[in-house]
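Data first, discussion second: the structure below is written as structure tokens.
Nothing in this text is a laboratory measurement; each read-out follows from the coordinates by a stated rule. What you see is a predicted model; the values in this text were computed from it and never measured. Using ideal geometry, Cβ is built from the backbone for each residue, glycine included, and neighbour counts are taken over all protein chains shown.
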Amino acid sequence: MSGSFLVDFGNPIALFPLVGVVLYPHTVRDLHIFEPRYRQMIEHSVSPAIDGDLGQSLPIAMSVLEKGVVSCDSLGMPPLRRVACIGRLLKDHKLPDGRHFIRLHGVCRAEIKHVEEPEGDRLYRRAFLKPINQAATNIPKRCRERLHDLLSGERLVRMRLADEVRGYVEKDDISLETVVEIASFVLVQDESIRYRLLAERDPSRRALILFGELERLDQLVELCDLQQWKDWPKGLSWN
């Protein structure tokens with residue numbers, strides 16, 4: 001787990017499912033909370049915080065909707081995938097109309113064991129979760145150089161987001177496991193690959209998945225480079 005935030009797995013944890021959105025440990029996501037059920041979830045989470053100390057707030061598990069579910073608004077309580085990321089609130093800004101702008105920091109991966117549907121006055125789902133212990137294997141040190149080479153190639157080096165991630169790669173005081181989490185969060189766009197990275201407990205395998213996605217991205221940029229404007233039919237883009 002990252003930081004000093006302790007998660008009590010003996011109690012149910014609020015579930016916050018979204019479509020195509022994933023949180024990883026060591027990453028941060030800003031979110032706009034507007035649905036009544038999730039506004040209530042935030043209110044419940046911050047209720048233990050004394051004098052605005054969000055370190056005392058309750059955890060929130062950012063879960064992933066089952067593949068094929070395109071909206072969580074019209075389907076009531078859509079099915080969830082097995083693995084979620086438990087997060088802690090770093091920021092909560094409540095607007096006069098009851099909406100919230102929050103910042104959620106990923107703490108650890110966890111497996112959903114039992115879901116409690118809304119009951120009584122509680123509008124949102126919560127669940128008992130089990131922490132997913134990371135595999136004992138560490139990412140080989142040579143992978144840092146490999147990741148740096150991929151992000152410094154003639155094509156990916158032109159991407160602003162790749163440049164930001166490369167800055168983390170070059171900081172030796174940031175563990176390679178953390179760098180892979182950040183790179184996956186920032187650069188991987190495919191929803192199925194995002195969840196695959198979340199569900200994978202072995203950091204070395206996560207690194208290999210990330211490398212494969214970066215190589216695919218590099219190939220896509222190469223194909224785009226081949227589509228020179230002067231070759232467009234009748235002045236029209238290939239798109």
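General remarks:
- Annotation: the residues 100, 93, sorted from fewest to most other C-beta atoms within 10 Å of their own C-beta, follow the order 93, 100.
- Sequence-distant residues sharing a close amide H with residue 122 (under 5 Å, placed H): none
- Ranking 180, 219, 162 by Cα position along the charge dipole of the chain, where only Lys, Arg, Asp and Glu carry charges on their C-beta atoms, puts 219 farthest toward the positive end.
- For the pair residue 191 and residue 219, label points projected 7 Å from Cα toward Cβ lie 2.3 nm apart.
- Residues whose amide H lies under 5 Å from that of residue 107, counting only those 5 or more places away or on a different chain, are 26, 86, 87, 88; hydrogens are built 1.01 Å from N in the peptide plane.
- Test item: Cα-centred dipole of the range 13-131, Lys/Arg +1 and Asp/Glu -1 on Cβ, debye: 440 debye
- Mean ellipticity per residue at 222 nm, deg cm²/dmol - from DSSP H runs of n ≥ 4 across the chain, formula -39500 (n - 2.57): -10000 deg cm²/dmol
- If only the Cβ of Lys and Arg carry +1 and only the Cβ of Asp and Glu carry -1, the dipole of the chain around its Cα centre is close to 280 debye.
- DSSP bridge orientation in the chain - percent antiparallel, rounded to nearest 5: 85 percent
- In this structure, the amide hydrogen of residue 135, modeled 1.01 Å from its nitrogen in the peptide plane, lies closer than 5 angstrom to those of 202, counting only residues at least 5 positions away or on a different chain.
- Helix runs (DSSP H) in the chain reaching 15 Å along axis by Cα, Kyte-Doolittle at least 0.5: 176-187
- Annotation: aspartates and glutamates with alpha-carbon distance below 12 angstrom to residue 130 (same-chain offsets under eight excluded): 8, 111.
- For 31, 90, 147, order by how many other beta-carbon atoms lie within 10 Å, fewest first: 90, 31, 147
- Highest-first arrangement of 21-29, 172-180, 46-54, where packing means the average Cβ count within 10 Å: 21-29, 172-180, 46-54
- Within the same chain, aspartates and glutamates fewer than 8 places from residue 141 are excluded, and of the rest, those with a Cα less than 16 Å from its Cα are 149, 170, 172, 173, 177, 181, 202.
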